[in-house]
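Working notes for the structure below.
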Amino acid sequence: MMSGDVKIDPVCAEGMKEKGIQMGVVMGFKIRTSGVIAREEPLAILALKSDLELSDEQVRKLRALQQDTQQKALVILTAEQKKSLAQVPDAATMSELCEDMRREMVDRLEQGKVPALKQAR
């Protein structure tokens, strides 16, 4: 299963820029919300290591395969593309990403950088 390039709405992109959200963060968001991970990929299998009852040897081999794949992917990129990719924060799970976003929003609300949301009536 393949995923295509995700376009961010220009108005939304401008709003993020005005709010001071760095492009690397936006790119990381695109990866985590639009990237497709097939069940046969090493990361997906490793996420299910308890459910699948993987042996230590299987985990070691899957991690090595994942590392090899990452290194091979970087070889394909140009220097400029690698520079852009380097702006993306290190990998995180969706739950970690959501928690980071929640904390940032609370901080911004407390600092008055974002108008408080009106409660639904």
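Values quoted throughout were computed directly from the atomic coordinates according to the rules given, and no laboratory measurement underlies them. Since this is a predicted model, take the numbers as computed values, not measurements. Positions of Cβ are backbone-derived with ideal geometry, glycine not excepted, and every protein chain shown enters the neighbour counts.
Based on the mean of other Cβ atoms within 10 Å per residue, sort peptides 45-57, 71-83, 19-31 so the most packed one is first.
The peptides rank, most packed first, as 19-31, 45-57, 71-83.
Just going by the charge dipole of the stretch 10-100, with Lys and Arg at +1 and Asp and Glu at -1 on Cβ, which of A86, G28, S50 is farthest out on the positive end?
A86
How long is the gain from K83 to R108 if the chain were fully straight, where each residue apart is worth 0.36 nm and the alpha carbon distance is subtracted?
My answer for the length gained is 6.1 nm.
In sequence order, what are the phi-derived ³J(HN,Hα) couplings for the stretch 71-81 according to the Karplus relation 6.51 cos²θ - 1.76 cosθ + 1.60 with θ = phi - 60°, rounded to whole Hz, with x for glycine and proline?
5, 5, 5, 5, 4, 6, 7, 7, 4, 5, 5
Of K17/K61; K61/K82; K19/K61; K30/K61, which sit over 32 Å apart, Cα to Cα?
Result: K17/K61; K19/K61 exceed 32 Å.
Can you list residues whose amide H is under 5 Å from Q87's amide H, if they're 5+ apart or on another chain and H is modeled 1.01 Å from N?
So Q87 has HN proximity to no qualifying residue.
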